[in-house]
Amino acid sequence: MTTENDTLVCLLDVLGFESIFNKLGLETIESKYKELISVVEKQNIQVAISRTSDGVPAMFSPNISYAYFSDTIIFWCKYDVFRMEVFLSCMSELLCDSIEIGLPLRGSVSVGQVIIDKEKGIYLGQPIIAAARAESVQKWIGITMSKTFDKAPYCGGFKADVILQYDKHLKDGGKDKVIPLAIDFPRFWRTKRQTSIVDAINKLNSDLNFAEYYNNTLDFVKYSEDNHDWWTKQPEFIEEEERRKNHELKEQNKI
């Protein structure tokens, strides 16, 4: 399977968009969209370490593109595991910012081959379909990886401090549309902000139609806190730490 022309796609919709739109109006919604877009534009200034087609390390901008229409925002960039790290971190910041400005988002990340022509309004490809299906089965604020990541080579390369295994926010039958990996944006909030994410989420929870969605989000926040460094409890990590400590001890004894 080739990944040379593959694209990462994140499709998001605004939770309770109609109510928010009626309350804030067109111009305010547009300004909030532009604020979210600015998060991505700042990220595009950053440089990511990637590899050329022959495996040589190189420096790249992630070149994340975007478009928005009605209650939907879509982001995309070229796929490789290096850009994916930058892309997922960017989506973490985007989720945090969306909560702060009162435009809560839920969605999914997909990968594969697409045809996107922003000027002509063309958005085609299985990854976009998969992301839309995955988005629709989630009851929370957050981003879950779509089913496109369940096979090689896409099923690896996730950073442990960016992704959490989680599926308690899914609707019945939702597990058929996703893999149980979600972006750990509460961890990102804790490391980048001094304010309370719980208070920020509760502030938005004013529509009874979506109370369960906000409660599910708070459950995920608690789960993220309880599993802040979850990988340190894994047998592979513990064994590697033991090997490292033994090696250091042997080196010290040689001195």
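Within the set Glu27, Glu85, Glu93, the sole residue that is of a type in the set (Asp, Glu), more than 26 Å from Lys147 (Cβ to Cβ), at pLDDT 85 or above and outside any strand (DSSP E or B) turns out to be Glu27. Based on this model, can you work out whether Gly125 counts as crowded, with 22+ Cβ neighbours inside 10 Å and either in contact (Cβ under 8 Å) with a residue 60 or more places away in the chain or among the basic types (Lys, Arg) (or both)? It is false that Gly125 is crowded, with 22+ Cβ neighbours inside 10 Å and either in contact (Cβ under 8 Å) with a residue 60 or more places away in the chain or among the basic types (Lys, Arg) (or both). Taking the stated definitions as given, is Tyr123 of a type in the set (Ser, Thr, Tyr), at pLDDT below 95 and either more than 17 Å from the chain's Cα centre (by Cα) or more than 26 Å from Ile37 (Cβ to Cβ) (or both)? Taking the combined requirement at face value, the residue satisfies it.
Restricting attention to the range 79-115, the residues that are within 13 Å of Cys10 (Cα to Cα), open to solvent by 20 Å² or more (accessible area, probe 1.4 Å) and out of contact with any Pro (no Cβ under 9 Å at 6 or more places or on another chain) total 2.
Residue count for the range 178-194 under the criterion of being touching a residue at least 60 places away in the same chain (Cβ under 8 Å) and open to solvent by 50 Å² or more (accessible area, probe 1.4 Å): the result is 1.
Kindly indicate whether Trp76 is touching a His at 6+ places or on another chain (Cβ under 7 Å) and either part of a loop (DSSP other than H, G, I, E, B) or open to solvent by less than 60 Å² (accessible area, probe 1.4 Å) (or both). Taking the combined requirement at face value, the residue does not satisfy it.
Restrict the check to the range 152-164 and report whether at least one residue is surrounded by fewer than 16 Cβ atoms within 10 Å (Cβ to Cβ) and in contact with a Gly (Cβ under 8 Å, 6 or more places away or on another chain). Within the range 152-164, none of the residues are surrounded by fewer than 16 Cβ atoms within 10 Å (Cβ to Cβ) and in contact with a Gly (Cβ under 8 Å, 6 or more places away or on another chain). Regarding the range 206-220, can at least one residue be identified that is farther than 19 Å from Glu135 by Cβ, modelled with pLDDT under 90 and of a type in the set (Ser, Thr, Tyr)? The answer is yes; a qualifying residue exists.
The values are calculated or read from the model by the stated rules, or taken from the named source; none is laboratory data. In this text the structure is predicted, and so the values were computed from the model without any measurement. Reconstructed Cβ throughout: ideal geometry from the backbone, glycine too, with neighbour counts over all protein chains shown. When the accessible area is computed, the model is the full protein with side chains, heavy atoms only, and any ligands, DNA or RNA have been set aside. Shrake-Rupley method; radii C 1.70, N 1.55, O 1.52, S 1.80 Å.
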